[in-house]
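The values are calculated or read from the model by the stated rules, or taken from the named source; none is laboratory data. Note that the structure is predicted; figures quoted are calculated from it, not measured. Reconstructed Cβ throughout: ideal geometry from the backbone, glycine too, with neighbour counts over all protein chains shown. Note: accessible area is taken over every heavy atom of the protein model, side chains too, but ligands, DNA and RNA are not part of it. Shrake-Rupley method; radii C 1.70, N 1.55, O 1.52, S 1.80 Å.
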Amino acid sequence: MGLLLLLLFAVLSSSVVTADEGAFIGVNIGTALSDMPNPTQVVQLLKAQQIRHVRLYDADRAMLLALAKTGIRVTVSVPNNELLGVGQSNATAANWVARNVVAHYPATNITAIAVGSEILTVLPNAAPVLVSAMTYLHSALLASNLDKQIKVSTPLSSSIILDSFPPSQAFFNRSWDPVLVPMLKFLQQTGSYLMLNVYPYYDYMQSNNVIPLDYALFRPLPPNKEAVDSNTLLHYTNVFDAVIDAAYFAMAYLNITNVPIVVTESGWPSKGDASEPGATIDNANTYNSNLIRHVLNNTGTPKHPGVAVSTYLYELYNEDMRPGSVSEKNWGLFDANGVPIYIMRLTGSGSVLANDTTNQTYCVARDGADQKMLQAALDWACGQGKVDCSAMLQGQPCYEPDTVAAHATYAFDTYYHENGMGPGTCDFNGVASITTTNPSHGTCLYAGSKNGTFINGTTVQSSNSTSGSSLGVNGGVFSSSLISGALVLLVSLIFL
């Protein structure tokens, strides 16, 4: 037993990966949009959202010029279609660095070169020159005295990790050892990091319901629902951490124990076709919001608690020109006009993606919602939902306008904030939506406005229906227009 414990301790402490600095959240900037914003507009959005790290899929000159003097840290990329040329010629690699890096640095804060994207799985015929390309590019950086400031790596798909659960048994696809072994040694020798694309969405969709949705979305799990690695006894509460640790163990299997991991892509689509039921706005919101909190809290993973796993969200914009299924076009945080696809719930995450501060969001009746469904939702909120609806009684600050939509908005927003603005707290069977526009009016102050200032948003505001509303109290229904002021105190006591 003593020997077993010693071996277990050795496994858990085998890696000397350390967190040199706090983790960061970045974004990927794809350009397959029919109305792609110009580089200046892109940078304006990045600044407004306080996004300080970006990954480009190329080294577009106009974009690099627009990013100059912003301080934003930039990962540039050698596109897949340029890899063969760079990997077969030291001179071509040197010219690439001179043209796309040296010409812009240090005005543009380039910090890394991503060599290709998922080459082993997307363009396997080019795999034999991958390490050569990385070596040539690093040599060019070395010649320009930029090798310490700018790291070279290549994004890999997590699908090359086989037998990924339990993580302690994971290993890379052995057929790629001739590429992976020298590549990992290169990363180790140059002080670089493994770039890994991690998509719990695909793991969930391809698992045939074996992987619970909550486990994929970082939702809290009861202890008996956590996944346990039987070899290490480490508990896993989400897919993301399990994949990261699987990569750490797979590297250790190849005797690489001190190469950190940066997640170059992770996200969740907000829309899909009939065969993609997991691609919804609520799921995308939940995953990305929880991912950001998880990363910025420097939570680390069960194998390496507290060790930074910086992550680039996929992606900044919805790319409507991407081929494939509906979900392929709907991974973005914003549309081409810079309007958020959804408002993320980011309490405690700092200032990144500033438009999504949850204290500045409100839950309102959806424009055009069915009046009967609105009334039913209003009755529920003021009854089973335990919302104090006394402010909407006749003579009270939120009685006017006396409409179903206005009263529902007050009740929905109160419920939303009283329940921590958590996932599913602003839905009400589809008749509610989140907005950044403060619905307060006159002396009628909504829950969100009591917590601070608000941002003028562009999302749905409450309807101005002219029909009178009814308020549900403890399951009962009565007309708000018939309530006298004498009942206010009584009703207030009921809700306390």
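Things to note:
- Screening the candidates G385, G368, G430 for the property of being without any contact (Cβ under 8 Å) to a residue 40 or more places away in the chain, in a loop (DSSP other than H, G, I, E, B) and of a type in the set (G, A, S) yields one hit, G385.
- The range 67-84, subset within 25 Å of the chain's Cα centre (by Cα) and among the small types (G, A, S), residue farthest from G30 (Cα to Cα): G71
- Restricting Q44, Q50 to those that are within 23 Å of the chain's Cα centre (by Cα), open to solvent by 30 Å² or more (accessible area, probe 1.4 Å) and at positive phi reduces the list to Q50.
- Positions within the range 250-288 being part of a helix (DSSP H, G or I), crowded, with 24+ Cβ neighbours inside 10 Å and either touching a residue at least 60 places away in the same chain (Cβ under 8 Å) or touching a strand residue (DSSP E or B) at 6+ places or on another chain (Cβ under 8 Å) (or both), in sequence order: A250, M251, T286, Y287, N288
- Test for D177: is it in contact with a helix residue (DSSP H, G or I) (Cβ under 9 Å, 6 or more places away or on another chain) and of a type in the set (D, E, K, R): no
Matching residues to (1) touching a residue at least 40 places away in the same chain (Cβ under 8 Å); (2) crowded, with 20+ Cβ neighbours inside 10 Å; (3) more than 21 Å from Q149 (Cβ to Cβ):
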{"residue": "L64", "(1), (2), (3)": "yes, yes, no"}
{"residue": "E82", "(1), (2), (3)": "no, no, yes"}
{"residue": "V86", "(1), (2), (3)": "yes, yes, no"}
{"residue": "N95", "(1), (2), (3)": "no, no, no"}
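- Considering S192, S175, S230, the condition of being in contact with a strand residue (DSSP E or B) (Cβ under 8 Å, 6 or more places away or on another chain) and either open to solvent by 50 Å² or more (accessible area, probe 1.4 Å) or part of a loop (DSSP other than H, G, I, E, B) (or both) is satisfied by S192 alone.
- Among the residues making up the range 350-380, those that are among the polar types (S, T, N, Q), open to solvent by 10 Å² or more (accessible area, probe 1.4 Å) and modelled with pLDDT under 85 are S351, N355, T357, N359, Q360.
Every residue, every condition in (1) at negative phi; (2) among the β-branched types (V, I, T), yes or no:
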site: W96; (1), (2): yes, no
site: Y105; (1), (2): yes, no
site: I113; (1), (2): yes, yes
site: E118; (1), (2): no, no
site: A127; (1), (2): yes, no
site: T135; (1), (2): yes, yes
site: R174; (1), (2): yes, no
site: Q188; (1), (2): yes, no
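- Residue match in the range 233-248 (condition: in contact with a strand residue (DSSP E or B) (Cβ under 8 Å, 6 or more places away or on another chain), farther than 25 Å from E118 by Cβ, touching a residue at least 60 places away in the same chain (Cβ under 8 Å) and not in a helix (DSSP H, G or I)): yes
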